[in-house]
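Encoded as structure tokens, the structure appears first; notes follow it.
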């Protein structure tokens, strides 16, 4: 696992890790960004063991970028970085800006506000866990990305569907990659809980 490459969210995959970190800090210029916020912004919600590996890699990149003066570490705020200290340090020299830290309960998987809610039985669960429950409950059945979305969210309008689709697709790829469920061979974008049951059929 330590040598495995964990992909960033689709919108950052065209960038190097350093460019992606700079993009996050630039978008939040004038704010103090905690390393956990940077990790979740770039990778979405990760299993604790994977999060630990990714965090150490991001920490190395943040330290390297600080040494190259691409961004700055915030004094007296461990694990916190910002694009430019001048934007957050008033005349008295004390950092006043609000620190952006990830909220524990909400994974940084989807952007903001009017996000579609999952059906009541999956509500409050991380997306990857909800997908696992859905697939396990229907063990032996094959699901497309659209089937998974409908199974978790019910009927969505076009805007909600666009918003949700990337995240679901990302988590399906990740879940298959870390061995939580299987991708169906020779059928692009189809998943199942247990491939052996499917093969017996």
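The values are calculated or read from the model by the stated rules, or taken from the named source; none is laboratory data. Note that the structure is predicted; figures quoted are calculated from it, not measured. Cβ placement follows ideal geometry from the backbone for every residue including glycine, while neighbour counts extend to all protein chains displayed.
Evaluate the following for residue 198: is it at pLDDT 85 or above and more than 26 Å from residue 25 (Cα to Cα)? It is false that residue 198 is at pLDDT 85 or above and more than 26 Å from residue 25 (Cα to Cα).
Conditions (1) without any contact (Cβ under 8 Å) to a residue 12 or more places away in the chain; (2) over 21 Å from the mean Cα position of the chain (by Cα), marked per residue:
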| residue | (1), (2) |
| --- | --- |
| 142 | no, yes |
| 153 | no, no |
| 157 | yes, yes |
| 167 | no, no |
| 170 | no, no |
| 174 | no, no |
| 180 | no, no |
| 184 | no, yes |
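Checking every residue in region 100-122 against the condition of being modelled with pLDDT of 85 or more, assigned to a helix (DSSP H, G or I), out of contact with any strand residue (DSSP E or B) (no Cβ under 9 Å at 6 or more places or on another chain) and within 19 Å of residue 156 (Cβ to Cβ) gives zero matches. Filtering region 36-64 to residues that are in contact with a strand residue (DSSP E or B) (Cβ under 9 Å, 6 or more places away or on another chain) and either crowded, with 16+ Cβ neighbours inside 10 Å or within 18 Å of residue 13 (Cα to Cα) (or both) leaves 37, 38, 41, 62.
Filtering region 13-28 for residues that are touching a helix residue (DSSP H, G or I) at 6+ places or on another chain (Cβ under 8 Å) and surrounded by fewer than 13 Cβ atoms within 10 Å (Cβ to Cβ) leaves an empty set.
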